[in-house]
Every structure is written in structure tokens, then in C-alpha cells.
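Here, each number is a calculation from the coordinates, and none is a lab measurement. Everything quoted here is computed from the prediction, not taken from an experiment. Note that each Cβ is placed from the backbone with ideal geometry, even for glycine, and that neighbours are counted across all protein chains shown.
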Amino acid sequence: MKKFVAIFCIILTVFIYIAPLPALAIDVQVGQQVRLKARNDLGVPLHEQSFSSLFDRVADGTVAEVLDTANDKTWLNIKTPDNKIGWIVERYVAQVLEGSPVLNPPPVLPGDGGNVAGDIPTRVWTSANACDAVVKGDELLPRSDSNTLRLASWNIRWFPDGVPGSNPNSNNLKTNLDWLSCTIAWMDIDALAIQEIKTTNNAENAWDKVTQKLNEYTGDDWGVILNSCGSSTSQHVGFLYNKDKLKASGNKEVWQYNGRADNANNACKDNLRPGYLAYFEAENGFDFYAVSVHSDSGRENKDLTTRQTAVERIDDVTSGLADIDKDIVILGDFNTMGIDGGISAKQEIKELKDKVANETPGFNLLSVQPSCTHYFRKNPGLLDHILVSQDTSELITSSASVQGYCAINRCNSISGALPQAAISLSDHCPILVDFNNLDLD
């Protein structure tokens, strides 16, 4: 027995001296740059998520920016100089480069009223935790002026489940409610036109969580108003708005903006969406009509006809509104995708611009910068738009600003993994515009 113990001790001693010691953990902070060290000639594994989900590799010695961390910093979300974004295991960090400048800062987005310091937009649209840190640091998206009102539109893919149906199984497309709330707070939005929204009990509970989170971020009370026709699992349109800044009244469905509907009794005909109208008033400020829309999707001739019919009906509604207030904003997902074997998306957008200019009281189709609001199969498209009546003197700029991963990616086609925001938030990106918060009419 003594001989056995002696042999065991010798083996243990040898093992202690020859076995490699585990690498000491490196304290990595979001925003720092790190130098990576590969373990073999293949390079550093790059994953889509903060678990084994390999999609690419990064060369040994690459210097990358840390965008986020997970699992007690054992996983790091990084961005490389060639704009690859993904997750690595912390053990591949050879060195933290203290005090070095941020790599590849995102562009200044048109219409944001000024520079957004450093890599703030990238952090906001990387993860809920990174966004939360930015908003709690009071580094919000600047406004065009201190006394402005900000309107926006966002198709939030099948909110809150991320997929159609009444009993969606667990999936990675579910809306990340904390992240959604944080991005809305960061964009400093006063009223948000929303599309593709379910009205199930689960959806109602989700909105309760979002409005509560927004209350925590802003200190204000928030409300949600949606069209009522259609089943609870179908897509609805409406508004999320700051009730402490805006009063909403006259809410109603606008059946005319479903190009297949015949009257108010079948506003959701063929499972399509009507428009949803509300009159918003800011105390001693801008008051206006707003309509949230979601046009028919599809690349067949019948789909284009349905979209065109809805546009042709605009002044069936707005001509009456203009007699009361000529400030009218129509915003949402117009699905301007063109058709196969027919007009292109670009042509459809031009036709939309020309058509609405003659719809009472006359509308301007705002240009969009950068020029995409949606990704399909990793390619950009421009589906979402904002129309503003020509008599709206409170409008500050003739262009709308696109936020989200569309702007971060500069509307280039995506190589590699989809951005996490496309998975956890929506395949669409928000689009916004500022108005002077004055009553000029």
C-alpha cells in the first residue's frame, strides 16, 4: 500500500509540472480593443451566438473591438476591421489594448442632428445589455433641435412571437422585449407607428412589459393603440406613443388602405391590414393626423394592384381630414418591392412618389437615408416610407433617417451571420423624422 501511494505521489508531481496551466482570465470591457491569438492555423473560431455556432474564422493576430460580453465574460461579441461581427470564446484574447481608438466607427446618420459619439449606435444595436448601458448613460440619439417632436415607424416582425401562428414553439425569433424597449428609448421617439403586431394575450402582456420598461427609461407614461379587425394572431397596425407628451384622439380603422376591402365591415378582407388613424396633439405644440399602414406584400401582379389601389384611395380619407388640420403624416410598411417580370422596386417607389403628390392635400414622399429599411436573405430593400402633407410647415427636413442594423451595415449586403438585431428584433429597421414642436397653422 505504501508503495502504491509513493508511486501515485510521483505521478501527481510529474503531472503538475508538465500539465499546461489554464490561462488566467483577462478583464475585458465593452469598447476595448483586443488582440486575438489562434490555437491553430485555421484561425480564431467566430460564432453566430454566445454558444457553439461556428460560421467563420478570424486570422491570428487580428485586433478587434469588443461590442458585448456574455456568460460572465467567457464569451465576447467582437467586430473586426473588415466589419465581421460575431462571438468568440474569451480564451482567444491574447492582449487587451488599453486606450486605443475605436476601430471603424459607424457613420454619422443623416438627419440625426449631429454626430453620435464613437461607437454608440453599434452598441445600441448589438445587444440589450449594451443598449441599456448607453441609455442609462443618457447618450440618446440627438434631435434636430431641442424643441422637436419625433415620429417613427417600425415593422416589428410578428410581435411578440417573431413568427406567425397561435402556438409558436420556442424559437430564436421571439422579440427581445428589453432590447426593443431600450432601442425605442435610445431613439428618443415620441410616437411610433407599428406594424405586424398580434393582439393575443401574450402580445398584450408583452406590451405591458415594453411600456413599463419605457416608463423606467423615460419617466413617462406610454400607451399602445391598435386596429381591432382580424383575428388575434393576424397582423395589426397602430401606434406606441408617449402619453405624457401627446394626446391621441379620433382613433379609427381606415378600411380604404386595405386595397381589397370594400367597406368598413370588411376592413381586414383577405387577411390584409387597414390603415389606423389617430389625431395627436402636443400641449402648446405640434398637432397632426397620423396613419399607420401596412400594404400587401408580394411580387405578383395582384399584389401590386392591391398596393396601388390603397394609394389611389389616400385622398378618400385625407380630403376630409385636411378640412380640419392639413398636417397629415402617413407612415409604415408600403412593401414597395416591385413584381417579378414587371416593374422594379425602384420604379414602384417612383410611382408612389408621383401619385401621392396629387392626393389631397398633396404629399411629399420623404427620401430615406441610408436607402434601405429591410433585409431579405441578407440583401437590403426599401419597403418603409413616410409621407408628409405638403402644407406641414413644422417638418424640419425632407429626408427620413433609418436606424438599426440597416444603418450600421450602411445598407450593404450582409456576409456571414445575420446581425443579432435582425434575429431578436425584426427584419425591418426603424425610420424616423423630426418636426418642430410648434403649432404653425
Exercise for the section: Calculate, in nm to one decimal, what residue 71 and residue 232 gain on full extension: separation in residues at 0.36 nm each, minus their alpha carbon distance. Expected result: 54.3 nm
Practice task
For segment 28-97, just the Cα atoms, rotate onto the principal axes and tell me the three extents in Å, largest first.
Solution key: 27, 25, 21
Practice task
Would you order 294, 47, 236 from fewest to most other beta-carbon atoms within 10 Å of each residue's own beta-carbon?
Solution key: 47, 236, 294
Handout entry: Long-range tail of P(r) for the chain (Cα pairs > 43 Å, %)
Key = 20 percent
Practice task
Using amide H atoms built 1.01 Å from N in the peptide plane, name the residues 5+ places from residue 400, or on other chains, whose amide H lies under 5 Å from its own.
Solution key: 367, 368, 369
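Provide the FRET efficiency to the nearest 0.05 for the residue 212-residue 41 pair, computing r from the beta carbons and using R0 = 60 Å.
Computed FRET efficiency for residue 212 and residue 41 comes out at 0.70.
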Handout entry: Modelled FRET efficiency - R0 35 Å, residue 410 with residue 266, Cβ distances, 0.05 increments
Key = 0.25
Problem - Relative contact order %, the chain, counting alpha carbon pairs below 8 Å whose residues are six or more apart - result: 14 percent
Handout entry: Förster radius 35 Å - calculated FRET efficiency between residue 391 and residue 345, Cβ distance, rounded to 0.05
Key = 0.75
Exercise for the section: With everything on Cα atoms, drop me the angle between helix 201-218 and the longest principal axis of the chain, reported from 0 to 90° to the nearest 10. Expected result: 80 degrees
Fill in the blank from the handout: Long-range amide H partners of residue 97, meaning residues 5 or more apart or on another chain whose placed amide H is closer than 5 Å, are 33, 34, 35
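For segment 310-441, report the % of Cα-Cα distances exceeding 22 Å. Write out the running numbers ahead of the final one.
Numbers: 3672 of 8646 pairs.
Result: 42 percent of Cα pairs exceed 22 Å.
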Completion exercise
Rounded to the nearest 10 degrees, the helix 177-187 long axis (Cα) sits at an angle to the longest Cα principal axis of the chain of 70 degrees
Handout entry: the chain: angle of helix 2-18 to the longest principal axis, Cα-based, in degrees nearest 10
Key = 50 degrees
Handout entry: GNM flexibility winner over the chain from 430, 168, 274 (Cα, springs under 10 Å)
Key = 168
Exercise for the section: Enumerate the calculated ³J(HN,Hα) couplings along segment 33-47 in order (Karplus 6.51 cos²θ - 1.76 cosθ + 1.60, θ = phi - 60°), each rounded to whole Hz, writing x wherever the residue is Gly or Pro. Expected result: 9, 10, 9, 9, 10, 7, 9, 7, 5, 6, x, 7, x, 10, 10
